[in-house]
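Okay, structure first, notes after.
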Amino acid sequence: MKELYYELMVYAALVSGYPMPDVLPDVYFVEQEFFNETICQGIKKCSIVGWYIDQSDAEKYKEVKHQDVYINNIGHQFSTEFTNSVIVHEFVHFNQDLAGLMKRNPEYSDEFRLEYKAYYVQNKYLKKNRAAVQSCPNFAMCVSVRGGVFQ
Ligand SMILES: [Zn+2]
């Protein structure tokens, strides 16, 4: 798993243009209820699939830790490719945080631009890997064989 996360981070860093971090965030796969009870605060149908914990989230929700990544287990209903793309999306947020871009300013929020970039990298990842993932049982191997990520 660590090797896969490393490859996803290399991709996130290359495409986003943020520097490759020295450490990877911890990634936790959690149940739907976790999101219902934390970020959606009791709303039954919470549609979050991935969550990066920035400083303000860590202060607001005692169940989570700054710089962790939570992935909804509902992702298993989708393809490996989709789940990995969500991890890539959250890794972009991790890099934005390390770059100091997530400090909240009540008068000016950059949130939209940060989300746009995370979705841009995620969509690029989906487009790039769709064919290989469908024809290869080992995703990490496919990416390496194709040379895409390590070029
Ligand atoms: Zn996002």
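Derivation of every value follows stated rules applied to the coordinates shown; laboratory data play no part. Nothing here was measured: the structure is a model prediction, and the numbers come from that model. Glycine also receives a Cβ, built like all others from the backbone with ideal geometry; neighbour counts cover every protein chain displayed.
Among the residues of region 10-29, those identified as under 20 Å from TYR116 (Cβ atoms) and in contact (Cβ under 8 Å) with a residue 24 or more places away in the chain are TYR11, ALA12, ALA13, LEU14, VAL15, SER16, TYR18, PRO19.
For ARG113, the conditions (1) of a type in the set (Lys, Arg); (2) within 16 Å of the ligand (Cβ to nearest atom); (3) in contact (Cβ under 8 Å) with a residue 24 or more places away in the chain all hold with the exception of (3). Total residues in region 31-61 satisfying the condition of being among the hydrophobic types (A, V, I, L, M, F, W, C), in contact with a Ser or Thr (Cβ under 9 Å, 6 or more places away or on another chain) and surrounded by fewer than 16 Cβ atoms within 10 Å (Cβ to Cβ): the figure is 1. Tell me whether region 78-87 contains one or more residues that are closer than 24 Å to ASN123 by Cβ and touching a residue at least 60 places away in the same chain (Cβ under 8 Å). Taking every residue of region 78-87 in turn, at least one turns out to be closer than 24 Å to ASN123 by Cβ and touching a residue at least 60 places away in the same chain (Cβ under 8 Å).
Taken over region 19-28, residues that are within 14 Å of the chain's Cα centre (by Cα) and more than 13 Å from GLN67 (Cβ to Cβ) amount to 0.
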